[in-house]
Amino acid sequence: MKPVEINEVKEWKVEKILNKRKIRGVVKYLIQWKRFTAEYNSWEKKEDLENVKKVVIEFERRMNAEVRQQAKLDLAEERDFKKRDLFRKYTAKMLYG
């Protein structure tokens, strides 16, 4: 596969962003390249992804939604645990005096 030329610079096409990390203030994204296997995935700086802003925005939107969903699940699980724990305390007191 040949790279795409953008502003006289050869670039590869991004299929999707898989992950994000921040080390020493530098934000990097794990990129899955179109028509390449996982062994070619690479961490790229946010500044180097200016030509694929839509992909970055979509990834951030998806991750924010997943974080909010996980927070809701964690809260519900904690609430259910507290109810079960509370019920056990009162049952034990009633049974054993």
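The values are calculated or read from the model by the stated rules, or taken from the named source; none is laboratory data. From a predicted model like this one, the values you see are computed outputs, not experimental measurements. All Cβ positions, even for glycine, are placed from backbone atoms using ideal geometry, and neighbour counts span all protein chains on display.
At-a-glance table
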item	result
Residue pairs meeting the criteria (Cβ under 6 Å; at least 6 apart or on separate chains; first small (G, A, S), in segment 56-77; second assigned to a helix (DSSP H, G or I))	none
R84 being modelled with pLDDT under 90 and assigned to a helix (DSSP H, G or I)	yes
The lone exception for E77 - which of (1) over 30 Å from E15 (Cα atoms); (2) at pLDDT 90 or above it fails	(2)
Of all residues making up segment 37-69, the number that are not charged (D, E, K, R) and not in a helix (DSSP H, G or I)	4
Close pairs (9 angstrom Cβ cut-off, 6 or more residues apart or separate chains): over 14 Å from V55 (Cβ atoms) and without any contact (Cβ under 8 Å) to a residue 40 or more places away in the chain in segment 17-40, surrounded by 13 or more Cβ atoms within 10 Å (Cβ to Cβ) and hydroxyl-bearing (S, T, Y) anywhere	R21/Y29
